[in-house]
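Colleague: The structure follows.
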Amino acid sequence: EIPPAGTGLNTRAWWAENSAIDSDQRLVSPSIALPSGERPVTISWDAHHQFEDAGEGNCWDGGFIEINVDGGGWQPLGNARNLADPYAGQLSGNGPGGIAEAWCLQPAGGNPVKSVFLLDEFDGNNVQVRFRTSSDSNTVGPAPAGWGVDNIEIQSCVE
């Protein structure tokens with residue numbers, strides 16, 4: 001779908017609305033074979049993220065990215081692997097996403113931001129990535145409230 005006006009995302013993209021009810025929305029990739037020995041390996045995308053925040057460093061609602069390596073279960077990709085657009089805070093734990101680092105505020109300007117994560121430690125493995133939002137049963141963030149993801153790319157370099 002085309003995300004709402006004000007996100008800066010003007011083409012078809014994944015849009016997860018910041019809901020006023022408990023909500024756990026996910027976009028899951030197919031299995032991706034990451035090359036071995038071609039570093040750096042990164043995943044990047046254009047994003048808009050605007051959720052209900054709970055003050056400095058805290059998010060009532062938010063979005064985050066997870067990875068599954070060779071079918072071994074989902075694990076969050078935290079700020080330690082985040083090369084651009086760091087998470088704004090931590091989810092409160094009131095929503096279905098539990099406590100996790102998350103984006104809840106859009107940087108100023110209203111334009112999409114480029115998010116980039118380093119995947120070097122997973123090279124040579126089959127992975128899936130999951131974009132996930134968590135909303136509690138309360139209010140929502142200012143409009144346009146939600147997470148838009150577009151132009152997802154995985155890149156590596158031959159050494």
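The values are calculated or read from the model by the stated rules, or taken from the named source; none is laboratory data. Keep in mind that this is a model prediction, so the values were computed, not measured. A quick note on method: Cβ atoms are made from the backbone with ideal geometry, for glycine too, and the neighbour counts reach across all protein chains shown. Quick note on the areas: whole protein, heavy atoms, side chains included, nothing else; ligands and nucleic acids left out. Shrake-Rupley method; radii C 1.70, N 1.55, O 1.52, S 1.80 Å.
Colleague: Applying the selection to region 13-61, what residues are open to solvent by 50 Å² or more (accessible area, probe 1.4 Å), free of Cβ contacts under 8 Å to residues at least 60 places away in the same chain and outside any strand (DSSP E or B)?
Modeller: Once the filter is applied, which keeps residues that are open to solvent by 50 Å² or more (accessible area, probe 1.4 Å), free of Cβ contacts under 8 Å to residues at least 60 places away in the same chain and outside any strand (DSSP E or B), region 13-61 yields only GLU56.
This table checks each residue for (1) assigned to a strand (DSSP E or B); (2) on the phi < 0 side of the Ramachandran plot.
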| site | (1), (2) |
| --- | --- |
| GLU66 | yes, yes |
| ASN94 | no, yes |
| GLY98 | no, no |
| PRO107 | no, yes |
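Residues checked against (1) farther than 16 Å from ASP53 by Cβ; (2) touching a Phe, Trp or Tyr at 6+ places or on another chain (Cβ under 9 Å):
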position: GLU101; (1), (2): no, yes
position: ASP120; (1), (2): yes, no
position: ASN125; (1), (2): yes, no
position: SER135; (1), (2): no, yes
position: VAL140; (1), (2): no, yes
position: VAL149; (1), (2): yes, yes
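Colleague: Just name the residue that is most open to solvent (accessible area, probe 1.4 Å) out of those in region 73-87 that are closer than 20 Å to LEU27 by Cβ and not in a strand (DSSP E or B).
Modeller: First, the residues of region 73-87 that are closer than 20 Å to LEU27 by Cβ: 73-78, 81-82, 84-85, 87.
Within this subset, residues satisfying the condition of being not in a strand (DSSP E or B) are 73, 77-78, 81, 85, 87.
Details: GLY73: 31, LEU77: 1, GLY78: 16, ARG81: 50, ASP85: 22, TYR87: 19 Å².
Only one residue fits best here, namely ARG81.
Colleague: Here is a check on your reading of the model: is GLY8 over 13 Å from the mean Cα position of the chain (by Cα), of a type in the set (Gly, Ala, Ser) and either surrounded by 23 or more Cβ atoms within 10 Å (Cβ to Cβ) or at pLDDT below 85 (or both)? Steps first, please.
Modeller: Working: over 13 Å from the mean Cα position of the chain (by Cα): yes; of a type in the set (Gly, Ala, Ser): yes; either surrounded by 23 or more Cβ atoms within 10 Å (Cβ to Cβ) or at pLDDT below 85 (or both): no.
For GLY8, the condition - over 13 Å from the mean Cα position of the chain (by Cα), of a type in the set (Gly, Ala, Ser) and either surrounded by 23 or more Cβ atoms within 10 Å (Cβ to Cβ) or at pLDDT below 85 (or both) - is not met.
Colleague: When region 131-151 is examined, which residues are found to be buried (at least 17 other Cβ atoms within 10 Å of the Cβ) and in a strand (DSSP E or B)? Even if it seems obvious, please write down each step before you answer.
Modeller: Initially, region 131-151 is screened for residues buried (at least 17 other Cβ atoms within 10 Å of the Cβ), giving 131-136, 140-141, 144-150.
The answer is PHE131, ARG132, THR133, SER134, SER135, GLY146, TRP147, GLY148, VAL149, ASP150.
Colleague: Here's a follow-up. Starting from region 120-139, keep only residues that are more than 22 Å from TRP14 (Cα to Cα), then list their pairs with residues that are hydroxyl-bearing (Ser, Thr, Tyr) whose Cβ atoms are within a distance under 6 Å, requiring at least 6 positions of separation or different chains.
Modeller: That search, which allows pairs on different chains as well, returns ASP123/SER36; GLY124/SER36; ASN126/SER31.
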